[in-house]
Amino acid sequence: MSAINMSDAKFFISDKQILSIANLKIEQGQCWSFVGANGSGKTALARALAGELTLMQGTAENSFKSIEWVSFEQLQALADREREQDESDFLDYQDTGRSARELILELGASDGELSELAHRFGIRALLDRSFQVLSTGETRKVLLCRALLQKPELLVLDEPFDGLDVDAHASLMTLLAQLVASGLTLVLIINRLEELPDFSDQLGLLTECELSVTGPRAEVAASAELSQLRHLANMEAAAQRLPAADPDAKTRKLDKETPRIIMRNMLINYGDKQVLAGLNWQVDPGEHWQVMGPNGAGKSTLLSLVTGDHPQGYSNDLTLFGRRRGSGESIWEIKQYIGYVSTSMQQDYRVTTTPKAVILSGFFDSIGVYQQPGDTQLKLAQEWLELLGMSQLANEPFHQLSYGQQRLLLIARAMVKHPPLLILDEPLQGLDSFNRHWVKRWIDLLVGEGDTQLLFVSHHQQDAPSCITHRLRFVAQDEGFGFVVGKI
């Protein structure tokens with residue numbers, strides 16, 4: 001039988017980080033889940049199991065012949081590869097890159113096998129669309145199909161449920177249960193404790209890049225280590241206070257009467273596909289909105305209109321912060337009122353930088369820092385780093401941090417100027433349960449000051465912070481999506 005046996009193993013992560021595994025045995029047919037705080041080494045463990053990390057000492061025997069690993073980092077690498085191959089600058093038309101079908105099949109699976117799996121995942125309709133234009137949840141499904149079609153003996157999934165809408169989440173859970181029942185050995189890296197599947201009978205806990213507790217799920221879940229971690233997180237979260245607003249915050253304040261967003265009969269086209277067809281929506285002062293809907297419904301398109309980035313905003317009846325789009329306003333006059341974070345932004349944040357510089361860039365609405373921050377801004381950035389528990393990482397390379405740590409820094413970047421409108425697109429994606437609790441607490445604290453309104457996009461209604469007052473929901477119809485708008 002195939003198995004993984006590790007004893008007193010130490011794996012190289014970076015010059016300053018080592019993954020330590022005292023004892024771990026994964027047997028064929030088992031389903032393991034591993035949990036831990038952001039930066040605890042969960043992704044490093046996934047890489048070690050997939051044979052991607054160098055063993056420094058100890059033993060690590062792995063007799064699985066076919067291993068597939070799916071992670072946010074792989075999604076990032078694939079997106080980067082598509083950008084590098086984009087030849088639009090040399091053509092007289094837009095190079096849309098390869099289709100989802102081409103990326104899935106490039107490893108050698110058959111089109112017939114893909115058709116069956118795509119039907120189970122509900123992605124048949126997007127197989128011939130460009131991978132570059134897919135939503136975060138849709139790209140996750142593409143990567144999962146790509147891995148499963150290799151028929152692995154061992155499948156390692158790093159945060160598999162993040163970025164999936166409710167229906168896709170349920171479908172994947174059912175599919176994974178079937179795969180485990182059929183004998184597949186499965187390893188899940190989980191951020192949400194409530195997402196531990198019933199069919200996962202083995203559990204491991206990581207703390208500070210050390211696999212500290214492993215064993216049957218019931219035993220680990222009841223362990224003192226896990227209880228202590230929950231207790232400390234709850235105590236710290238309850239005591240949080242946000243750093244003050246930056247020195248220029250007063251210049252960005254808005255009046256109490258002007259609607260922040262007005263959209264009238266919106267219509268966005270991507271070729272023959274219509275998105276946001278007929279949307280009428282208004283955000284008035286004091287309102288805090290949650291936007292919900294399936295993958296590919298148009299949520300990201302909606303946000304790009306609000307941030308001023310979508311070119312079709314000029315051809316629609318769109319008013320932002322009291323000014324009609326196309327009336328002579330600059331993009332920076334819009335962005336000065338907005339703090340923003342999204343998964344696509346995190347994927348695009350590829351400049352060589354440090355955590356400290358990431359937070360400072362929020363004062364200037366830039367990717368990177370290109371002007372000298374003031375003393376007050378430097379002080380506030382340090383306070384944010386302390387709030388995040390990353391003071392010791394202030395000058396480390398941003399790209400070497402874990403996905404969850406990067407996400408926390410970008411959330412801080414969005415909040416640092418206490419903006420009139422805070423736009424958070426799936427902000428809790430990639431965060432463990434403790435950091436999700438903290439982020440929701442910070443949002444409520446910021447909104448409670450009275451000068452910031454919230455636009456919060458999430459697949460999960462329970463993810464919304466308590467300040468939410470209104471909800472915009474995308475609802476599937478015969479052709480495309482309709483909208484349900486209302487007060488909670």
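Just a few scattered comments:
- Packing here is the average count of other Cβ atoms within 10 Å per residue, and on that basis the peptides 106-116, 190-200, highest first, run 190-200, 106-116.
- Relative to one another, the C-alpha centroids of the stretch 246-272 and the stretch 1-44 are positioned 46 Å apart.
- Most to least accessible of VAL484, VAL213 (protein chains only, probe 1.4 Å): VAL484, VAL213
- In straight-distance terms, cross-link reach from LYS356 covers every one of the aspartates and glutamates whose alpha-carbon lies under 17 Å from its own, apart from those fewer than eight places away in the same chain; here that gives ASP246, ASP365, ASP375, GLU383, GLU386, GLU396.
- For LEU226, the solvent-accessible surface with a 1.4 Å probe is about 10 Å², rounded to the nearest 10.
- Positive-end residue of THR307, GLY328, SER227, charge dipole of the stretch 222-346 with Cβ unit charges: GLY328
- Once the 1.4 Å probe is applied to the protein heavy atoms, the stretch 1-69 comes out at 47 Å² accessible per residue.
- LYS16 paired with ASP284, simple spin-label distance in nm, labels 7 Å along Cα-to-beta-carbon: 5.0
- Residue order by solvent-accessible surface for GLU153, GLU479, GLU219 is GLU479, GLU219, GLU153, largest first, with ligands and nucleic acids left out and a 1.4 Å probe.
- Each label was represented as a point 7 Å from its Cα along the Cα-to-Cβ direction; for ARG241 and ASN395 these points are 2.9 nm apart.
- Counting only DSSP H runs of at least 4 residues, each contributing -39500 (n - 2.57), and dividing by the residue count of the chain, the helix-based mean residue ellipticity at 222 nm comes to -9500 deg cm²/dmol.
- Rounded to whole numbers, the Karplus 3J(HN,Hα) couplings from phi for the stretch 387-401 are 4, 7, x, 10, 4, 6, 9, 3, 10, 7, x, 4, 6, 8, 6 Hz, using 6.51 cos²θ - 1.76 cosθ + 1.60 with θ = phi - 60°, and x at Gly and Pro.
- Simple label model, 7 Å out from Cα along Cβ direction - PHE199 to GLU219, nm: 2.4
- Among the listed pairs LYS141/LYS299; LYS16/LYS379; LYS16/LYS65; LYS141/LYS487, those with a Cα-Cα distance over 21 Å are LYS16/LYS379; LYS16/LYS65; LYS141/LYS487.
- Carbon and sulfur %, accessible surface of the chain computed with the full protein complex present, 1.4 Å: 48
- Rounded if a/c under 1.5, otherwise prolate or oblate - the stretch 261-487, Cα gyration tensor axes: prolate
- Basic side chains Lys and Arg get +1 at the Cβ, acidic Asp and Glu get -1 at the Cβ, and with that the dipole of the chain about its Cα centre reaches some 940 debye.
- The stretch 187-228 versus the stretch 140-179: alpha-carbon centroid distance in Å: 20
- Tensor-based shape of the stretch 97-144 (alpha-carbon gyration tensor, a/c under 1.5 rounded, otherwise prolate or oblate): oblate
- Phi-based couplings in Hz for the stretch 266-273 (Karplus 6.51, -1.76, 1.60; Gly and Pro marked x): 5, 8, 10, 10, 10, x, 8, 8
- Backbone HN-Hα couplings from phi across the stretch 196-206 [Karplus 6.51/-1.76/1.60, Hz, Gly and Pro as x]: 4, x, 4, 7, 8, 9, 10, 9, x, 10, 10
- Under the combined filter of DSSP loop state and at most 11 neighbouring Cβ atoms within 10 Å, the stretch 93-182 retains these chymotrypsin sites (Phe, Trp or Tyr not before Pro): TYR93.
The values are calculated or read from the model by the stated rules, or taken from the named source; none is laboratory data. All figures in this text were calculated on a predicted structure; none of them were measured in a lab. Note: ideal-geometry Cβ built from the backbone for every residue, glycine included; neighbour counts use all protein chains shown. For the accessible areas, the whole protein counts, side chains as well, though only heavy atoms, and no ligand, DNA or RNA atoms are used. Shrake-Rupley method; radii C 1.70, N 1.55, O 1.52, S 1.80 Å.
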